[in-house]
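First comes the structure, then the notes that go with it.
The values are calculated or read from the model by the stated rules, or taken from the named source; none is laboratory data. Fair warning: this is a prediction, and the values are worked out from it, not measured in the lab. Don't worry about glycine lacking a Cβ; one is built from the backbone with ideal geometry, like all the others, and counts go over all protein chains shown.
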């Protein structure tokens, strides 16, 4: 149901309620007002969820981009180390903790 259809149906309902005797209208008007409020809250919540999903999609795209860049860099560095032969393998590890 679209927003326009909802508003049209709610308007029709209000017109039908207005034709009822006064003693029966009060509770029904209150229920219609509650329904409007709930509908507005649902619309707001759906909009917030959509915004959160959009942000999540963007974040995932950035993470995938970063992962791909890291993999490319890793591959490049591995090839660089392999092209140097065993040059770096024979050296002892840097003991930065001993300082």
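Quick notes
- Selection status of residue 67, at pLDDT 95 or above, within 30 Å of residue 4 (Cβ to Cβ) and either surrounded by 10 or more Cβ atoms within 10 Å (Cβ to Cβ) or in contact with a strand residue (DSSP E or B) (Cβ under 7 Å, 6 or more places away or on another chain) (or both): no
- Residue check, residue 20 surrounded by 10 or more Cβ atoms within 10 Å (Cβ to Cβ), more than 30 Å from the chain's Cα centre (by Cα), modelled with pLDDT under 95 and not in a helix (DSSP H, G or I): yes
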